[in-house]
Amino acid sequence: MADGANPESSAQGSGETRREFLYLTAGAMTVVGAAGAIWPMIDSMNPSADVLALSSTEVDLSPIEEGQSVTITWRGKPVFIRRRGAEEIAGAEETPLADLPDPQTDEDRVEKPEWLILVGVCTHLGCVPLGQKTGESRGDYGGWFCPCHGSHYDTSGRIRKGPAPKNLEVPPYVFLTDNSIKIG
Amino acid sequence: MSFKTNNKVVQWVEDRLPLISMGHHTLYEYPMPKNLNYLWNFGSLAGFALVTMIVTGIILAMQYTAHVDMAFNSVERIMRDVNNGWLIRYIHMNMASFFFIAVYIHMMRGLYYGSYKAPRELLWQLGVVIFLLMMATAFMGYVLPWGQMSFWGATVITNLFSAIPVVGESIVTWLWGGFSVDNPTLNRFFALHYLLPFIIVAVVVLHIVALHTVTSNNPLGIDMKGPQDSLTFQPYYTIKDLFGLGVFLILFAGFLFWAPNYMGHPDNYIPANPLSTPAHIVPEWYFLPFYAILRAVPDKLGGVLAMFGAIAVLFVLPWLDRSKIRSCKFRPVARVFFWIFLINGLFLGYLGGKPAEGWYVVASQIATAYYFFHFLILLPVILPMIERPRELPSSIHEAVLKS
Ligand code: HEM
Ligand code: FES
């Protein structure tokens with residue numbers, strides 16, 4: 001050009017950076033493209049629409065007597081429903097939070113104190129704790145006992161002793177009437 | 001390459017695809033140290049086991065149904081109605097155990113004779129990769145019959161991933177394809193159980209390429225220095241490997257025909273029930289030492305890390321052991337600690353099969369600590385300070401003549 005720039009060196013210089021720029025952007029686009037192509041395949045392994053569609057269950061509570069427990073299935077997992085007696089409720093409410101590895105009040109875990117509703121899956125590695133049937137061990141705290149690696153849960157389903165890190169999960173549920181709930 | 005032929009057809013193929021000369025090289029003229037003992041048989045035995053698993057597995061897959069409502073019954077049908085189905089399934093079941101026996105002995109051989117040391121680091125690491133893939137394959141295979149142990153083993157092991165902070169739960173849901181171990185899980189485990197053995201074959205090929213680049217170690221742990229130190233593979237080691245295979249198969253037949261369920265667990269003949277966990281769940285015997293390590297740590301994430309760490313240390317072992325001497329024959333202190341390590345490992349296996357209560361817990365904590373002490377402190381720090389190795393012989397040939 002007329003301004004006398006050295007055509008060779010400028011061509012070389014800009015050629016270098018331009019090539020690097022092209023490598024970089026092409027490389028980045030390839031990665032984005034590959035990730036975009038792989039994601040649908042990975043995501044296909046996540047829960048499918050039919051699995052998600054099964055995710056709510058209605059339960060009639062009227063046949064359950066005080067002190068009785070029943071187990072129902074929700075999303076392929078057991079859900080524990082226990083109709084607690086006054087003593088169990090009082091015990092759960094009076095437990096000092098300082099005694100709990102995963103502190104949570106009993107009020108935060110129930111809609112109505114009489115009805116304790118829990119996902120019956122140990123928060124350690126997923127076994128089903130014992131304590132639903134009469135005669136099964138309920139552990140040191142009168143709730144549930146997981147035999148797999150020895151976790152003890154109390155009458156609010158809170159972890160008290162053993163390797164499980166968390167309280168038994170409370171599933172999302174609503175009371176449809178006084179005597180029936182919808183889980184999920 | 002010394003392969004020569006007068007056959008025109010063979011030569012024509014050779015000029016285009018040198019398969020025959022490759023085979024000739026690896027199975028015929030390949031030089032092996034002449035002082036190998038029977039511990040060097042277990043590599044070829046593991047290879048035989050892998051082929052057996054693939055052949056019997058493919059035949060089983062023709063009769064098996066990967067659906068939660070049908071899997072258990074389809075396996076029972078294999079046992080009762082399919083011609084020789086019982087035999088094929090029992091071979092698959094028991095050879096899985098024998099595969100692990102062969103591989104464990106193979107690995108212990110490597111530990112004792114320092115076969116992981118330069119220049120065999122990659123060879124050793126490929127072996128650890130094979131071991132990991134085998135464990136994944138066997139775990140998923142055990143889920144397929146959909147018995148109680150299948151189901152609860154799958155539940156406990158997949159739940160290990162929930163220990164990962166933040167994303168753990170999403171990963172577990174993704175692994176399951178649902179909110180618990182269920183039909184999508186069984187389906188994908190079957191797909192992967194079919195796939196992984198072929199990946200293992202590919203890694204075995206790399207393992208052998210690496211082996212043939214660096215050649216076999218031997219009980220003395222010194223290099224071959226010339227033709228006087230070696231023997232050709234054929235006929236010396238082909239026949240020795242075949243003889244070993246005969247012995248292996250006699251023992252195998254003992255289990256296969258007289259105690260086919262000895263190494264299994266009776267609860268797996270109860271159909272899976274997602275609402276009731278068996279009182280005492282245990283994995284297959286070959287996982288027990290690692291299961292003991294998992295349970296020894298009272299913290300969930302800590303236990304998972306310790307278990308995977310137990311295998312990770314094997315991966316970096318070539319750099320943890322700082323002695324230049326390979327064979328424990330010439331390492332008076334390391335040799336003693338090798339046996340302690342082995343007994344400790346067996347003890348961990350024993351503990352893994354016991355319930356996690358009472359003294360078992362304390363014992364597995366001590367044994368776990370010792371496992372890591374061996375790799376992380378004893379080998380890299382203590383042994384270099386206290387051990388004075390014995391003098392190495394100048395060559396394999398000389399040592400063989402003397403004995
Ligand atoms: C690394 C090689 C392999 C190992 C370690 C392995 C291990 C196992 C184990 C432990 C079982 C459970 C046996 C039982 O308790 O019933 C199993 C089952 C099964 N495997 Fe494999 N396997 C391997 C290769 C294969 C291959 C290549 C196939 C081909 C598709 C296959 C197909 C099956 C089938 C269909 C079952 C279910 C039937 C049954 O339970 O017997 N396996 N496998
Ligand atoms: S799964 Fe319940 S204690 Fe481990």
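The values are calculated or read from the model by the stated rules, or taken from the named source; none is laboratory data. Keep in mind the model is a prediction, meaning the values are calculated, not measured. For neighbour counting, all protein chains shown are included, and Cβ atoms are generated from backbone atoms with ideal geometry for every residue, glycine included. In case anyone asks, the SASA skips ligands and DNA or RNA and just uses the protein heavy atoms, side chains included. Shrake-Rupley method; radii C 1.70, N 1.55, O 1.52, S 1.80 Å.
Key figures for this structure:
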{"read-out": "Looking only at the stretch A:167-184, and only at residues there that are aliphatic (A, V, I, L, M) and open to solvent by 20 Å² or more (accessible area, probe 1.4 Å), the one that is nearest to A:Ala92 (Cα to Cα)", "value": "A:Val170"}
{"read-out": "Subset of the stretch A:154-166 that is buried (at least 16 other Cβ atoms within 10 Å of the Cβ) and within 14 Å of another protein chain (Cβ to nearest Cβ) - its residue that is nearest to A:Arg109 (Cα to Cα)", "value": "A:Ile159"}
{"read-out": "Scan of the stretch B:185-202 for residues that are farther than 20 Å from B:Met62 by Cβ and either among the basic types (Lys, Arg) or within 14 Å of another protein chain (Cβ to nearest Cβ) (or both), ordered by number", "value": "B:Thr185"}
{"read-out": "Odd one out for B:Ser44, checked against (1) within 13 Å of ligand 1 (Cβ to nearest atom); (2) in a helix (DSSP H, G or I); (3) in contact (Cβ under 8 Å) with a residue 40 or more places away in the chain; (4) small (Gly, Ala, Ser)", "value": "(1)"}
{"read-out": "Set A:Gly120, A:Gly143, A:Gly126: member being open to solvent by less than 20 Å² (accessible area, probe 1.4 Å) and free of Cβ contacts under 8 Å to residues at least 12 places away in the same chain", "value": "A:Gly126"}
{"read-out": "Criterion: out of contact with any Gly (no Cβ under 9 Å at 6 or more places or on another chain) and either of a type in the set (Val, Ile, Thr) or surrounded by 17 or more Cβ atoms within 10 Å (Cβ to Cβ) (or both) - qualifying residue of B:Gly302, B:Gly264", "value": "B:Gly264"}
{"read-out": "Enumeration of residues in the stretch B:54-91 that are hydrophobic (A, V, I, L, M, F, W, C) and under 25 Å from B:Asn273 (Cα atoms)", "value": "B:Leu60, B:Ala61, B:Ala66, B:Val68, B:Met70, B:Ala71, B:Phe72, B:Val75, B:Ile78, B:Met79, B:Trp86"}
{"read-out": "Any chance A:Gly4 is modelled with pLDDT of 90 or more and either farther than 30 Å from B:Trp152 by Cα or open to solvent by 90 Å² or more (accessible area, probe 1.4 Å) (or both)", "value": "no"}
{"read-out": "Qualifying residues in the stretch B:137-185 (those that are hydroxyl-bearing (Ser, Thr, Tyr) and within 16 Å of ligand 1 (Cβ to nearest atom)) - the one nearest to B:Pro278 (Cα to Cα)", "value": "B:Ser150"}
{"read-out": "Helices (runs of 4 or more DSSP H) contained in the stretch B:81-185 and holding at least 3 residues open to solvent by 40 Å² or more (accessible area, probe 1.4 Å) and out of contact with any Asp or Glu (no Cβ under 6 Å at 6 or more places or on another chain)", "value": "B:85-112, B:121-143, B:168-176"}
{"read-out": "Boolean, A:Glu136 is away from chain B (no Cβ under 11 Å) and acidic (Asp, Glu)", "value": "no"}
{"read-out": "So B:Tyr38, is it over 19 Å from B:Ala210 (Cα atoms), touching a residue at least 24 places away in the same chain (Cβ under 8 Å) and open to solvent by 70 Å² or more (accessible area, probe 1.4 Å)", "value": "yes"}
{"read-out": "Cβ pairs under 8 Å, 6+ apart, first in the stretch B:67-92 and within 14 Å of chain A (Cβ to nearest Cβ), second charged (D, E, K, R) and more than 11 Å from ligand 1 (Cβ to nearest atom)", "value": "B:Val68/B:Asp182"}
{"read-out": "Subset of the stretch B:1-35 (residues that are of a type in the set (A, V, I, L, M, F, W, C) and in contact with a strand residue (DSSP E or B) (Cβ under 9 Å, 6 or more places away or on another chain))", "value": "B:Met32"}
{"read-out": "Breaking point among (1) assigned to a loop (DSSP other than H, G, I, E, B); (2) of a type in the set (S, T, N, Q); (3) closer than 16 Å to B:Val156 by Cα; (4) out of contact with any Cys (no Cβ under 7 Å at 6 or more places or on another chain), for B:Thr277", "value": "(4)"}
